[in-house]
1. Any idea what the dipole of the chain comes to, in debye rounded to 20, about its Cα centre with Lys/Arg Cβ at +1 and Asp/Glu Cβ at -1?
2. Specify which labelled value, from [x] 1.07; [y] 1.21; [z] 1.16, agrees with Cα Rg over 2.2 N^0.38 Å derived from the coordinates of the model shown.
3. Of 48, 115, 102, which has the largest mean-square fluctuation in a 10 Å C-alpha GNM of the chain?
4. Quick check of the Kirkwood formula: for the stretch 60-129, what is the inverse mean of 1/r over all pairs of different Cα atoms, in Å?
5. Just add up the charged neighbours of residue 66: K/R +1, D/E -1, any other residue whose Cβ is under 11 Å from the Cβ of residue 66.
6. Which residue, chosen from 129, 46, 32, occupies the Cα position most advanced towards the positive end of the dipole of the chain, where the dipole is computed from +1 (Lys, Arg) and -1 (Asp, Glu) charges on Cβ about the Cα centre?
7. Suppose only helical runs count, i.e. DSSP H with n ≥ 4. What mean residue ellipticity at 222 nm does that imply for the chain under -39500 (n - 2.57) per run, divided by all residues and rounded to the nearest 500 deg cm²/dmol?
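Please treat every number below as a calculation from the coordinates, not as lab data. Please read these numbers as outputs of a predicted model, since none were measured by experiment. Neighbour counts run over all protein chains shown; Cβ positions are idealised from the backbone, glycine included.
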Amino acid sequence: MFHHVLVRGSEYPTLAAGEAWPGLLGPREEAILAALAFPARRRKWLLGRAAAKRLVREMLGPHAPAEAAITVLNRPSGEPYVFLDDGPWALPSSLSHRSAIGLAAAPSAAGWRIGADVETVEPRDRALV
């Protein structure tokens with residue numbers, strides 16, 4: 001089994017504008033966001049982080065840490081990982097973003113792996129096949 005969260009830019013105008021609301025990001029994430037120059041890249045990055053933080057908080061329940069205490073980073077391979085104030089989160093996670101949608105997914109058990117993607121359903125050129 002797995003859990004997932006979708007975050008839509010229309011729900012969060014600040015994210016759609018490429019800006020984080022106060023208390024969303026931790027210091028390391030703030031530095032990464034500051035280095036992202038293009039608004040579209042900032043928006044997608046933020047949508048993925050907001051989705052991941054909501055997912056972690058939903059899965060941890062009432063004793064979940066605040067959003068800024070949940071840090072979502074990427075390994076050199078690009079794979080996301082979550083770090084809490086008391087150490088690494090045991091579950092692997094997957095992030096995706098497309099247009100104004102961010103997706104985060106995680107398996108229910110630590111030994112499982114997951115990959116998730118958000119894509120727009122639209123006609124494709126036959127040459128693509």
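1. Details: 15 positive and 13 negative charges, 58 e Å.
Approximately 280 debye in magnitude.
2. This structure yields the entry labelled [x].
3. Per the Cα network of the chain with a 10 Å cutoff, 115 tops the list.
4. Details: mean 1/r = 0.0697 Å⁻¹.
By the Kirkwood definition, the hydrodynamic radius is 14.4 Å.
5. Details: positive: 53, 57; negative: 67, 85.
Net charge around residue 66: 0.
6. Working it through, the farthest residue towards the positive pole turns out to be 129.
7. Details: 3 runs with 35 residues, N = 129.
The helix-only estimate for the chain comes to -8500 deg cm²/dmol at 222 nm.
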